[in-house]
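K.L.:
Have a look at this one before I ask anything.
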Amino acid sequence: MNKEPKILMVHDIRPEFLELDLSEFDMITFDDGLYSQYLYRDHFLKFNKPLVYFISTEIVCSEDKEQMIGISCGEAHRKWFCNKDASAYMNWKQIKELYNTPGCKIGGHSHQHLKHDKKSIVQVYNDLSTDTQLMLNKFKEKDIIISCFAYPYNKKYTMYRTILANHDIENVYGYERIAIESLLKGKE
């Protein structure tokens, strides 16, 4: 009988995370494409585990903008959703570099990383279908092929899985991942 893989989920990188032994995990995943994830890739590669970076294709820093580290994922999202400031995120050159790095893989995390609360089922389906197509178009434009996906906000819409499967994306990650923050409990 196959055991479920033990998958770690990382958003922002904090100094205390760099002290953790992550060798018990089968895979390390990174949500949202924060610049700090790119900067610390070598640290995580040393665990010799597959690294998967889930990217929202609209939330990417422009090549000419100075990038920021040291802010939380929540703060990075606020900057993006309030001011369209993507300076805490990777740019396409960095994403492509990760895509071409042995041991690293790029996955989808939607195009716009929207919440779909308080909408009808029809609205949600239409939003998810459109968003998925925009995401796939952007990856295609950048010559990146994805085969996996992580739900934004870990919202497991059944229809999302169906929409993704229609585009040959079967590996969909959600709540079964362990948040890196939970590893600090009892160590603080």
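The values are calculated or read from the model by the stated rules, or taken from the named source; none is laboratory data. Only a predicted model underlies this, so the values are computations on that prediction, with no experimental measurement involved. Here Cβ is always computed from backbone atoms with ideal geometry, including for glycine, and neighbour counts include all displayed protein chains. Accessible surface areas use protein heavy atoms only, side chains included; no ligands, DNA or RNA. Shrake-Rupley method; radii C 1.70, N 1.55, O 1.52, S 1.80 Å.
K.L.:
Taking 30 Å as R0, compute the FRET efficiency from the Cβ-Cβ separation of Glu16 and Cys82 and round it to 0.05.
P.N.:
Values: r = 28 Å, r/R0 = 0.93.
So the FRET efficiency works out to roughly 0.60.
K.L.:
For Cα Rg over 2.2 N^0.38 Å, the choices are [x] 1.00; [y] 1.31; [z] 0.93; which was calculated from the structure?
P.N.:
[x]
K.L.:
For the range 105-113, take each phi angle, set θ = phi - 60°, evaluate the Karplus expression 6.51 cos²θ - 1.76 cosθ + 1.60, and give the result in whole Hz per residue in order, putting x for glycine and proline.
P.N.:
Once θ is set to phi - 60°, the couplings for the range 105-113 become 9, 9, x, x, 9, 5, 8, 9, 6 Hz.
K.L.:
Also: At 20 Å minimum axial length over the Cα atoms and a Kyte-Doolittle cut of -0.5, report the qualifying DSSP H helices in the chain, or say none. All intermediate terms of the calculation are to be shown ahead of the outcome.
P.N.:
Working: long enough: 121-141 (30 Å, -0.32).
Answer set is 121-141.
K.L.:
For Val124, what accessible area in Å² do you get when you roll a 1.4 Å probe over the heavy atoms of the protein chains, rounding to the nearest 10?
P.N.:
About 10 Å², rounded to the nearest 10.
K.L.:
Please list, in order along the range 44-59, the HN-Hα scalar couplings obtained from phi with the Karplus expression 6.51 cos²θ - 1.76 cosθ + 1.60 (θ = phi - 60°), rounded to whole Hz, x for Gly and Pro.
P.N.:
Computed from phi, the couplings for the range 44-59 are 6, 5, 5, 7, 6, 10, x, 10, 10, 9, 8, 10, 8, 5, 7, 9 Hz.
K.L.:
Let me ask another. Shape of the range 34-143 from its Cα gyration tensor (a ≥ b ≥ c, root eigenvalues): rounded if a/c is under 1.5, otherwise prolate when a/b > b/c, or oblate? Walk me through the numbers before you get to the answer.
P.N.:
Working: a/c = 1.87, a/b = 1.43, b/c = 1.30.
Prolate, since a/c reaches 1.5 and a/b exceeds b/c.
K.L.:
With a 1.4 Å probe and every protein chain left in place, tell me how much accessible area Phe30 has, in Å² to the nearest 10.
P.N.:
0
K.L.:
Using 7 Å Cα-to-Cβ label points, what is the Ser62/Ala165 separation (nm, one decimal)?
P.N.:
Roughly 4.1 nm, to one decimal.
K.L.:
Over the range 89-188, give the accessible area per residue in Å² for a 1.4 Å probe, as an integer.
P.N.:
Values: 5470 Å² over 100 residues.
Per-residue accessible area for the range 89-188 comes out at 55 Å².
K.L.:
Quick check for me: using +1 on Lys/Arg Cβ and -1 on Asp/Glu Cβ, what's the dipole size of the range 1-128 about its Cα centre, in debye to the nearest 20? Don't skip to the answer; put the middle values down first.
P.N.:
Working: 16 positive and 19 negative charges, 62 e Å.
Charge dipole, the range 1-128, about its Cα centre: 300 debye, nearest 20.
K.L.:
In addition: Identify all aspartates and glutamates with a Cα-Cα distance to Lys93 below 12 Å; exclude those on the same chain that are fewer than 8 residues away in sequence.
P.N.:
Candidates past the 8-residue exclusion: Glu63, Asp64, Asp143.
K.L.:
May I ask what percent, to the nearest 5, of DSSP beta bridges between residues of the chain are antiparallel? Numbers along the way, then the final one.
P.N.:
Values: 1 of 21 bridges.
Here the antiparallel bridges make up roughly 5 percent for the chain.
K.L.:
Would you rank Thr158, Thr101, Thr57 by solvent-accessible area, highest first, keeping every protein chain in place and using a 1.4 Å probe?
P.N.:
On the way: Thr158 115, Thr101 30, Thr57 5 Å².
Descending accessible area places them as Thr158, Thr101, Thr57.
K.L.:
Let me ask something additional. Mind grabbing the accessible area of Ile163 for me, 1.4 Å probe, Å², rounded to tens?
P.N.:
Solvent-accessible area, nearest 10 Å²: 10 Å².
K.L.:
Could you check how much of the accessible area of the chain is carbon and sulfur, as a whole percent, using a 1.4 Å probe?
P.N.:
Numbers: 4930 of 9940 Å².
The computed percentage sits at 50.
K.L.:
Solvent-accessible area per residue for the range 1-72 at a 1.4 Å probe radius, Å²? Spell out each step's value before the answer.
P.N.:
Numbers: 3670 Å² over 72 residues.
I get 51 Å² per residue for the range 1-72.
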